[in-house]
Amino acid sequence: MKYAIEKPARQVAMVMDLNKCLGCQTCTVACKKMWNTDGGTDYSYWNNVETLPGKGFPKQWDEIGGRTDQGAVKRGKIPNLDSEYGRAWSFNHKAVIATDAASGKKEWLKPKGKPDWGPNWDEDEGTGTYPEDNHYFYMPRLCNHCTEPACLDACPRQSIYKREQDGIVLVDQDKCHGYRFCVEACPYKKVYYDYQRQVAAKCIFCMPRIEEGVAPACARQCPGRLRFVGYREDQEGPIWKLVDKWKVAIPLHPEYGLGANVFYVPPMSPEKFDSQGNGTGEPRIPTAYLEQLFGPDVHKALATVNAERDKRKRGEPSELMDILVAYDWNENFKLDGAVREVI
Amino acid sequence: MKQTLQLIAAPTVMQPGGYVPEAYKDRTQASTPTVELTAEKAAARGWRIELQWACPQPVSSIANETDLFPDAAALMVPVVADAPWITMGQEDKPVEAALWRADREALYQLQAEGLGTMHRNDAPAGWSAQSQWADGVYRLVFQLKPWAALDQHGLLGIALWRGAESDRGGLKSVSSGWVSVS
């Protein structure tokens, strides 16, 4: 029977402005180095950045999760380490070190064997035809710390819970027996399996940092200043303003019906060219594709961002643009405590 | 005493949470339909319990993989006479079990008072198991000394998990009730 999930006192949340993501993976590395360097989780990325349109990480994650397009439960799939996550590659380090420069014999660093998949495998590929309509954008992803988490509802041992004080979704690894129903059920495929410790492992929203009023590493390290962190209900904070007031930040795949608490400002794009190289007025990233990702609210979100940008271009004030530009990125984060960091 | 037991699929509809009952509602057939049970008690050596079952595709290692599950077998006993078998006991009516997994040598000892409540610990000294797989058949011999609850009630419940069928947790083949071995 479905578990009753108590509403937390408040919900910590994140907004990412996809118009500013550089695809630099600084967030990915910041997270990985902080939380995921153990064997058993070497393949996993609590935060990753994928190129869209593309296959994503794990491969085709949006097709193998435990929810239908109507939000109903369906049996998901546990991704395979080789074909869907991508096993960490081995390299010929010894051969490179043994290179004999004097004899001219040189061995270049390369993977052993011929890799055919890995995280970020299709980086910058995108789709379309140059120069008419080629396009891609970057999509950073982490656990959505859902209001109704599919992972939580999948665990027969109730090893997964939402923290009362901030709604962060956590795995109690002392209770977990490694059944991986959570991995199967999460439609975002953001619960991983530590194959050495044989327990589930997932993003903890940098919980110890949140407790100190410091933003998660992925947000704090972002050179593009595209991440906003705060409490969902805080009307003075950036999350409420972007999600509820301006309605430009929307969840990924809202049709799963889980109440994701990570939101995205969808990407605007330059216009397509016709065969003569003239602009057609149509956005390069098809709005229908964005609707597949973000649902029908994407139209209004894009219209608002475009209108506010135009206002700013005319020299008029725009609260929305001021927030998104992030002149002082301390303003991107509104957590407990007045932790201001050096700009 | 050797017995051939028909096994049933543990009812997924009873599983805690909303996902498993719905996602696995089609799992109505036991992945292992029968098991042969031989249980003997020798006063000095405790219980010797042998299970044999067909398993065409054994899974004895899940190392360095994300999507494999090991074959496993458990012997469950009631701690109080009326502990329900299908729910692995209930509050104040505990059950105990010995769990063997094909990917580890030592047994686990389990305690539960209902579905989702199971605690898993290293088995006590004196509990061991030897397994052999040949020609599509597992032969597993538990040596269990002592086991007061089994001595007292003489009842066993059997559960088998087939790794190749992604059996784990409540996805298992179980005896259709307590089996008398006294």
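What follows is calculated from the coordinates using simple rules that are stated; it is not laboratory data. Quantities reported herein were computed from a predicted structural model and do not represent experimental measurements. Note that each Cβ is placed from the backbone with ideal geometry, even for glycine, and that neighbours are counted across all protein chains shown.
Remarks
- With one equal scatterer per alpha carbon and no solvent term, the Debye-computed log10 I(q)/I(0) for segment A:23-81 at 0.14 1/Å reads -0.51.
- Size of charge dipole - the protein assembly as shown - debye, nearest 20, with Cβ of Lys, Arg +1 and Asp, Glu -1, no other charges: 700 debye
- Between A:Lys33 and A:Tyr130, the C-beta separation translates, for a Förster distance of 30 Å, into a calculated FRET efficiency of about 0.25.
- A:Asp336 paired with B:Ala81, simple spin-label distance in nm, labels 7 Å along Cα-to-beta-carbon: 5.4 nm
- Cα pair count fraction exceeding 22 Å, expressed as % - segment B:2-180: 42 percent
- With each label modelled as a point 7 angstrom along the Cα→C-beta vector, the A:His93-A:Arg10 pair spans 4.5 nm.
- Compactness of segment B:49-150, expressed as Rg and Dmax over alpha-carbon positions, Å: 14.5, 43
- Neighbourhood net charge (9 Å Cβ-Cβ; Lys/Arg +1, Asp/Glu -1) for B:Gln111: -1
- Straight-line reach from A:Lys77: taking Cα to Cα under 23 Å and skipping same-chain neighbours fewer than 8 places apart, the lysines in range are A:Lys2, A:Lys55, A:Lys59, A:Lys175, A:Lys189, A:Lys190, A:Lys202, B:Lys25, B:Lys172.
- Computed FRET value (nearest 0.05) for A:Gln173 with A:Asp100, which takes r as the C-beta separation and R₀ as 56 Å: 0.70
- Set of segment B:102-140 residues, backbone N closer than 19 Å to the point 7 Å along the Cα-Cβ line of A:Arg197: B:120-122
- Estimated from the Cβ-Cβ distance and a Förster radius of 51 angstrom, the FRET efficiency linking A:Glu107 and B:Arg120 is about 0.60.
- Cα-Cα pairs of chain A separated by more than 38 Å (percent): 19 percent
- Number of partner chain Cβ atoms within 10 Å, mean per residue of A:148-158: 5
- Charge sum, other residues only, whose C-beta stays under 12 Å from A:Glu6's C-beta, Lys/Arg counted +1 and Asp/Glu -1: +1
- Take the Cα of A:Glu164, step 7 Å toward its Cβ, do the same at A:Glu319, and the gap between the two points is 3.4 nm.
- The overall shape of segment A:262-307, judged from the alpha-carbon gyration tensor, is prolate: a/c is not under 1.5, and a/b is greater than b/c.
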